[in-house]
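Down below is the structure, laid out as structure tokens.
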Amino acid sequence: MIEFKRLWHYLTRYIDNFLLAGIFLLMLVGLVVLYSASGGNLVRVSSQILNMIVALIIMWLIANIPLQQIMRLALPLYILGIILLISVALFGEIQNGARRWLNLGITRIQPSELLKIAVPLMMAWYFDKSEIALRLRDYAGAALILLLPVLLIARQPDLGTALLITASGFYVIYFAGLSWRVMAGLLVTAGGILPLFWSFAMHDYQRKRILTMLDPSQDPLGAGYHIIQSSIAIGSGGIAGKGWQNGTQSQLDFLPEQSTDFIFAVFSEEFGLIGNGLLLLLYLVIIGRCLIITANAPTQFTRLVAGSITLTFFTYVFVNMGMVSGILPVVGIPLPLISYGGTSLVTMLLGFGILMSIQTHPKLVKT
């Protein structure tokens, strides 16, 4: 018994138990919904369990690394990510009209996922080097660090991931102390160039997604099909839902991508408003714990990284639920810890591992 306690203490000494409990509960909910959404496909559920085990191991490994070492990896990770994105542009595989994957022989990787962590780490490292007196040119340098990978990813095209990385970088800039006047000026500038972005930078299918969001009925069997079916599923769930595995939209295969991007619609139809409220509560518990870790972060670097990871997680949840509900365009963002898929799950838990390292290694980080 004593040996078991020692082993348990060794395994969990750098784990935030409160945060881990929230993650476990959400992943358990994800497995329950996935079983229903996949029509009882045990192979798919088993595959997701394997994804979870791999992601949890990576989270544990990262949580055990002191933040000084993670900080040293910021620049090499960022450079590696840019090299991989350039390689995708030159040699990447084309799938569904997009060039996002890089074939390494033994496996395929999506380098843009690495940038979801590498960009905030790099920007936090950059600001940490100039933390004594931040000037406007420091923010301009950070914007360039952010802009390079965003443009490479948007070119693939992968607008959803590009927007998420833009958000993660903006959160770092916000926590670094950018004044409200400058942010207001940037918003006005962005609003001014929006027509140009719409006309020259966006692809036809991206413009169609936005127009479909405003009026799905204009193409009910084409571009509007996803939103119409997911809206029907969410609305038909009512207060208490139709019950597990009893959702007609999902069980009769009316819902597209019901195991991945639109799994929230399956959950809403089966568990209703009450289930949605409990799911949101779980997400709020995790986000609240992450905000506490951010508030207690001992250095500029750790505060910026923790804040960015926390708000990026919130953005994932908000965008997916908004997309499925029809208040945001369909951009292919999975519901964190719920949707089927290994790449996004590993990226998310890697971020949580960094947060746990910040929480449990305060004396080992530069003060």
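Could you check, for the range 109-123, whether at least one of its residues is in contact with a strand residue (DSSP E or B) (Cβ under 8 Å, 6 or more places away or on another chain), open to solvent by less than 40 Å² (accessible area, probe 1.4 Å) and of a type in the set (Ser, Thr, Tyr)? Checked the range 109-123: at least one residue is in contact with a strand residue (DSSP E or B) (Cβ under 8 Å, 6 or more places away or on another chain), open to solvent by less than 40 Å² (accessible area, probe 1.4 Å) and of a type in the set (Ser, Thr, Tyr). Just one of (1) farther than 26 Å from residue 139 by Cβ; (2) open to solvent by 10 Å² or more (accessible area, probe 1.4 Å) fails for residue 237. It is (2). Has the range 270-280 got at least one residue that is within 18 Å of residue 177 (Cβ to Cβ) and of a type in the set (A, V, I, L, M)? No.
Yes/no matrix, rows are residues, columns are (1) modelled with pLDDT of 90 or more; (2) over 23 Å from residue 342 (Cβ atoms):
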| position | (1), (2) |
| --- | --- |
| 63 | yes, no |
| 82 | yes, yes |
| 88 | no, no |
| 100 | no, no |
| 111 | no, no |
| 127 | no, yes |
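Residues of the range 1-16 that are in a helix (DSSP H, G or I) and open to solvent by 100 Å² or more (accessible area, probe 1.4 Å): 2, 3, 4, 5, 6, 8, 9, 10.
Pairs meeting the criteria (first residue in the range 311-331 and touching a residue at least 24 places away in the same chain (Cβ under 8 Å) and over 16 Å from residue 284 (Cα atoms), second residue open to solvent by 20 Å² or more (accessible area, probe 1.4 Å) and acidic (Asp, Glu), beta carbons under 9 Å, at least 6 apart or on different chains) are 323/261; 324/261; 330/261; 331/261.
When 86, 58 are screened for being under 19 Å from the mean Cα position of the chain (by Cα) and of a type in the set (A, V, I, L, M, F, W, C), only 58 passes.
In the set 90, 102, 75, only one residue is surrounded by 17 or more Cβ atoms within 10 Å (Cβ to Cβ), farther than 19 Å from residue 348 by Cα and not aromatic (Phe, Trp, Tyr); that residue is 102. Just for the range 316-346: of the residues that are more than 18 Å from residue 166 (Cβ to Cβ) and of a type in the set (Ser, Thr, Tyr), which one is farthest from the chain's Cα centre (by Cα)? So, considering only residues that are more than 18 Å from residue 166 (Cβ to Cβ) and of a type in the set (Ser, Thr, Tyr), the one farthest from the chain's Cα centre (by Cα) is 325.
The values are calculated or read from the model by the stated rules, or taken from the named source; none is laboratory data. Here the structure is a predicted model, which is why all the values come from computation and not from measurement. In this analysis, Cβ positions are derived from the backbone assuming ideal geometry, glycine residues included, and neighbour counts consider all displayed protein chains. Each accessible area value is taken on the protein alone, full model and side chains, heavy atoms only, with ligands, DNA and RNA left out. Shrake-Rupley method; radii C 1.70, N 1.55, O 1.52, S 1.80 Å.
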